[in-house]
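Structure first, then comments.
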Amino acid sequence: MKVKSKFLMATAALALMAAPALAQEKLKIGMTFQELNNPYFVSMQEALKEAAASIGADVVVTDAGHDVAKQISDVEDMLQQKIDILLLNPTDSAGIEAAVHAAKAAGVIVVAVDANANGPVDTFVGSKNRDAGYMSCKHLGEAIGGKGEVAILDGIPVVPILQRVEGCKAALAEFKDIKLVDTQNGRQDRSVALGVVENMIQSHPNLVGIFSVNDGGAMGALSAIQGSGKDIKLTSVDGAPEAVKAIADGTPFIETTAQFPRDQVRVGLAMALAQKWGARVVPKEVPIDVMVVDSKNAGEFSW
């Protein structure tokens, strides 16, 4: 699988770089997350700390709580702490640009992870989000027999979410008898999504399918679907443990296109270290493959 080959390459790169790290001044790595109230980003944080420990680096982690002003302030604080590498998971790709410029002016390597940022980012490592949306909605279209009314549970308008919606619409367009009747913003939040999907179901009594841009929102959508008692199929993107369990348990949640958050941050750190230690050519973008998780493989899948 391509994902695993990328992971092995990143692991090898870290192992090779660990030796020169021992002879250099101890590195300090900063990572700012758009949120940490999400198992996806929690698993990414865990992988970062493990990888940093393996090379003897210190780590500073902050949670922006989807507040770009706080995220900018967090980056400024990290720069005061003399970080060498900034791993940036932006809550607002455009809004964070000033912080990217500040980091580069301070001589810091900047790698965007999961979502890209405006400004002079050295490398972006993220999932193939358009593919994820396409694969999930292709699965949904086939599951509902290629016909009927469907809706999209949208999210915060950052590039990965926009790409997932774009991919979903491209897949749905391949089914001439499927009609997209509603798109509403659940803000990738379980409680918000619950109310949004309840309204969707009331407004569209013939709804047979819903695509959610992330698993957090999908879990709220699942509660709404189950409460309605209707046969509405649900698909999503992420591969979160509770989503995978819901799929394995045979609920209306039938598929999630999984990302690999641990691999993203490991590869991101490897790219940053390569630049820190003088690699002449480092890719500007490293796309990480995604994978369909459904009833056939949900019992075996985990991040």
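Just need the relative contact order of the chain here, percent rounded to a whole number, with Cα pairs under 8 Å and 6+ apart. Result for the chain is 19 percent. Shown in residue order for the range 163-178 are the 3J(HN,Hα) couplings computed by the Karplus curve 6.51 cos²θ - 1.76 cosθ + 1.60 at θ = phi - 60°: 5, 5, 5, 4, x, 4, 4, 5, 5, 4, 5, 6, 10, 5, 9, 9 Hz (x for Gly and Pro). Compared with the dominant principal axis of the Cα atoms in the chain, helix 39-54 is inclined by about 20°. Under a Gaussian network description of the chain, with springs only between Cα atoms under 10 Å, the residue in 237, 111, 181 that fluctuates furthest is 181. Surface exposure of the chain, expressed per residue as accessible area with a 1.4 Å probe, stands at 42 Å². Just checking my list (i) 19.8; (ii) 18.9; (iii) 20.8 against Kirkwood radius over Cα pairs in Å computed from this structure; which label fits? Evaluating Kirkwood radius over Cα pairs in Å on these atoms matches (i).
Relative contact order of the range 38-131, please, whole-number percent, based on alpha carbon pairs below 8 angstrom and at least 6 residues apart. Before the final figure, lay out each step's value.
On the way: 113 pairs, mean separation 18.8, N = 94.
The normalised contact order for the range 38-131 reaches 20 percent.
Against the chain, whose longest principal axis comes from its Cα atoms, helix 215-228 is set at around 20 degrees.
Across the accessible surface of the chain, with the other protein chains kept in place and a 1.4 Å probe, carbon and sulfur atoms take up 52 percent. Here the relative contact order of the range 124-181, from alpha carbon pairs under 8 Å that lie six or more residues apart, stands at 52 percent.
Net charge of the neighbourhood of residue 118, taken over other residues with C-beta under 10 Å away and scored Lys/Arg +1, Asp/Glu -1, is -2. Between amide H atoms placed 1.01 Å from N, distances below 5 Å from residue 186 occur with 154, 155, all of them 5 or more places distant or on a separate chain. Taking the Cα centre of the chain as reference, the dipole from Cβ charges on Lys and Arg (+1) and Asp and Glu (-1) amounts to some 720 debye. The range 269-298 and the range 126-205 have Cα centres spaced 26 Å apart. May I ask you to work out the translational diffusion coefficient for the range 181-269 at 25 °C, viscosity 0.890 mPa s, via Stokes-Einstein with Rh from the Kirkwood sum over Cα pairs, reported in whole µm²/s? Result for D is 185 µm²/s. Exceeding 31 Å between C-alpha atoms, which entries from my cross-link table qualify? They are 169/245; 169/276; 70/284; 82/284; 245/276. In this structure, 169/276; 245/276 exceed 31 Å between Cα atoms. Relative to the longest principal axis of the Cα atoms of the chain, helix 129-143 runs at roughly 20 degrees. Answer with one residue from 259, 271, 229: the one whose Cα lies farthest towards the positive end of the charge dipole of the range 200-303, charges on Cβ with Lys, Arg +1 and Asp, Glu -1. The Cα lying farthest towards the positive end belongs to 271.
The values are calculated or read from the model by the stated rules, or taken from the named source; none is laboratory data. Keep in mind the model is a prediction, meaning the values are calculated, not measured. Neighbour counts are summed over all protein chains in view; Cβ atoms, including those assigned to glycine, are modelled from backbone coordinates with ideal geometry. To get the accessible areas, we keep the full protein, side chains included, count just its heavy atoms, and leave off ligands, DNA and RNA. Shrake-Rupley method; radii C 1.70, N 1.55, O 1.52, S 1.80 Å.
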